[in-house]
Every structure is written in structure tokens, then in C-alpha cells.
Amino acid sequence: MDAKMMSETELKKTPLNKRHRELGGKMVDFGGWDMPVQYTAGVIEEHVRTRTAAGLFDVSHMGEIWVEGTDAISFVNRLTTNDVTKLVDGQAHYSALTNEKGGVVDDLLVYRFGPEKLLLVVNASTTEKDWDWITSHKADDDIVLTNASADYCQIAVQGPRAVAILQKLTDTKLDEIKYYWFTTGHVDGVESIISRTGYTGEDGFEIYADPEFAVQLWDKLLETGGFGEADGILPAGLAARNTLRLESAMSLYGHELADDIAPFEAGLGWITKLQKGEFTGRDALVELKEKGFERKLVGFEMTERGIARDGFDVYIDDNKVGIVTSGSPAPFLKKNIGLAFLPFEFANIGQEIKIDVRGKLLNAAVVETPFYKRKK
């Protein structure tokens, strides 16, 4: 067996892998998963269709960890930055796992199913790392931890038509589910968790179900959404998911977030509740806030023709001051945009910067984020 064949067989596959290939998905290695980066329509069309109608995303590679027991809330509250005690049944929030130095181990969603039952949804490429981190912090807590990542497929339907499309497949009254709330119900007869969340900046839902029903749900959502019609739903790959989240200035682990990046630096002070009491990394974060952090994540727009890509250097005058964490064309806004860490004194709206684009210093300017905000 040659190396290429061996590497392909070693990649993890979601239950929809065959469907992606049948739909013309261009498959890539994404954190050890065989995932579609785009389909035949192309990244721009997938992106724009999600903004104007609906996009369908396979996010079954994400990790799911159950925390159950009388100490479930106090345990998760001790490991994450947001205040889990404020959640009520049927509510979720965005949070971060932090290390002792205040850096981000991962960003995640925390779902409260009950006072003794929480679901943590973590990034695909960090699932094993997160599992090891979480289990290593279990002391004499009365909890049971379960890595249930293989027990779920996760399908996201996102965009202005998402509610109407999904509503045809469920008796659950979707309009009654608020943003970052969820319920359990049936989608096309399949028992599911129905969550009003997403990673695109659009309205929409993420559906969690038994993997054996993944193909059924995927096919039914495409059919109901008018796949093949001019304004119908489109399957969308990783590339569109990335440009959509970038237009909405949502952080990506490994880019805007990392073990040596504090939530405050990445603009995530709003999920960092220092007043809630002790949690891992709190002391370091208190010190950082009191001392003042030296860098800050900003959004920028190219003012000269050129595309800033991840990892490109950022200059002010002739001095290198930062690095582009995420950069690409913004298909809906028709601009070239990016995110970068800048020294705090330069992290101001209107600040002129230069990006080293393949040896040429091109002009850009710091702008307000999010770059795109949907109309409510």
C-alpha cells in the first residue's frame, strides 16, 4: 500500500463521507478528518448562498463530552471561563477552557440539560487533548465523564431560510427556541438535539443525532431546502465555513485562540467571568487585566489590492508589529479582510498598517468588527 492510500485510510470519516464524494466534494485532511473543503458550486457560491438562502454543513467531526453527576456544574465552572451557574435547563453558552497561565486550551459550547447533566461540544482537532485535560482535572468530584463523540452526527443548517426549511421536518416550534437555546425533539422522525447555534453569523440550527441517521437527515434537508434550485440550499464545505466565520469575526482555535493567547487578548472578555470565583487560570487572568495586556485582536481591511493570508507579517512604518491570524477575501462583502494581533497602543479603529503580501508591503487599515452583521 502506498503512502497516499495509507494516509487516506487512516483519516477519520464522518457518516456523510460517501455523500460528500457523491456531491463532488473536494476532500482534504482537516485535523485528521477526511472532510470536504468545497463542492462543485465553489466556495463563493456556497458562502453567498448561506448568507442569502441556506447552507448545509457536516460538522459531525466535532467532539461531544457528557458531564453528569451532582458536581457537574461546579466541575465545569472550575474549568471554564464563563459562569455555568447562570445557565438554566435548555440554555447553552460559549466558553473557553483555560490553562494555569490563562491561555486557551480550547473554546467550546456548554449545554445545560439539567442540574446534573451538561454537554460540552469541543473542536474536532482538539477533542482528544480536551478529553485528557478535562479528565486530568477530575478530583473527588461526584461526576461521570463520557466521551460521546462517536455517538453523534452533527449537521448545521444556516441562513435566512434555515428556520423555514427545518420547520417542515419537525413538530418542534422553532420560533420559540431563542439564540443559544436548544431542545430535544424529532427531525424527520429522528430523535435529535435541536440547537439554535452556528458558526456562520447567520440564523440557523445545529442538529445532533445518532450517526446511523446522518444520511437520512442530510438528504432530507437538501430535498426540503430545494437543492438544485436557483435559490435553494447548498451543501457547504470547510472553506465557506471559514470565510463565513471570518466575516462575522468569530475566532478559530489555532489562529485567534491558543495555549499562549488569553481570552482578553482575543476580545473574549465577555465570556471571562472573573467575579464568579475560582477557575483554572483565573489568577493569571486577574493579573493580566490589572497589569494591562500588551496585544489585542483587531479586524482589518485591505485598502490596497491584495489578499492577506494567515501567517503574513503586519508592519507599522518599517517595524514588524504582528501577524495575520486569519485572512481571506470576504465573498459577501466583496472585500479583502483579516484578523491580527497588534500591540495595544496601535489597536485602534482607523490605524493604518501594512501587510507583507509575498514580499510587497500593502496598505490596510484597522476596522470595526464584526465585518458582517446580519439584519435581525
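Any read-out appearing in this document is the output of simple, stated calculations on the displayed coordinates, not a laboratory observation. Everything numeric in this text was worked out from a predicted model, so none of it was measured. All Cβ positions, even for glycine, are placed from backbone atoms using ideal geometry, and neighbour counts span all protein chains on display.
Quick notes on this one:
- Computed as a quarter of the hull surface, the mean projected area of the alpha carbon convex hull for segment 207-359 stands at 13.4 nm².
- This ranking places Ile134, Ile143, Ile307 by how few other beta-carbon atoms lie within 10 Å of each, fewest first, which gives Ile307, Ile143, Ile134.
- Rounded, prolate or oblate (a/c below 1.5 giving rounded, otherwise prolate when a/b exceeds b/c) for segment 63-146 by Cα gyration tensor: rounded
- Since only Gly198, Phe227, His137 are under comparison, the one whose Cα sits farthest along the positive direction of the charge dipole of segment 126-237, derived from C-beta charges on Lys, Arg, Asp and Glu, is Phe227.
- For the chain, share of DSSP beta bridges that run antiparallel, in % to the nearest 5: 95
- Residue by residue, segment 171-183 carries 3J(HN,Hα) couplings of 7, 5, 6, 5, 4, 7, 8, 7, 4, 6, 10, 8, 8 Hz when phi is fed to the Karplus relation 6.51 cos²θ - 1.76 cosθ + 1.60 (θ = phi - 60°); x denotes Gly or Pro.
- Cα centroid separation, segment 207-267 to segment 181-198 (Å): 16
- Using a Förster distance of 41 Å, the FRET efficiency for Thr184-Ala258 (Cβ separation, nearest 0.05): 0.75
- Cβ-Cβ FRET estimate between Asp175 and Glu294, R0 fixed at 41 Å, reported to 0.05: 0.35
- All-pairs Cα distance distribution in the chain, expressed in whole percent, bin size 20 Å: 27, 58, 14, 0
- Total charge dipole magnitude, the chain, about the Cα centre, Cβ charges on Lys, Arg, Asp, Glu only, Debye to nearest 20: 1260
- Packing, taken as the mean count of other beta carbons within 10 Å per residue, orders the peptides 290-301, 159-170 from highest to lowest as 159-170, 290-301.
- Model label zone, Asp231; criterion: amide N under 17 Å from point 7 Å along Cα-to-beta-carbon; scope segment 359-376: 375
- Förster-model FRET efficiency, 25 Å R0, Val367 and Ile307, C-beta, rounded to 0.05: 0.95
- Computed [θ] at 222 nm, deg cm²/dmol, the chain (DSSP H ≥ 4; -39,500 (n - 2.57); rounded to nearest 500): -6000 deg cm²/dmol
- Segment 193-240 shape via C-alpha gyration tensor axes, a/c threshold 1.5: oblate
- Computed from backbone phi, the HN-Hα couplings of segment 275-291 come to 6, 6, x, 5, 8, 4, x, 4, 4, 5, 6, 4, 5, 4, 5, 5, 6 Hz, rounded to whole numbers (Karplus: 6.51 cos²θ - 1.76 cosθ + 1.60, θ = phi - 60°; Gly and Pro given as x).
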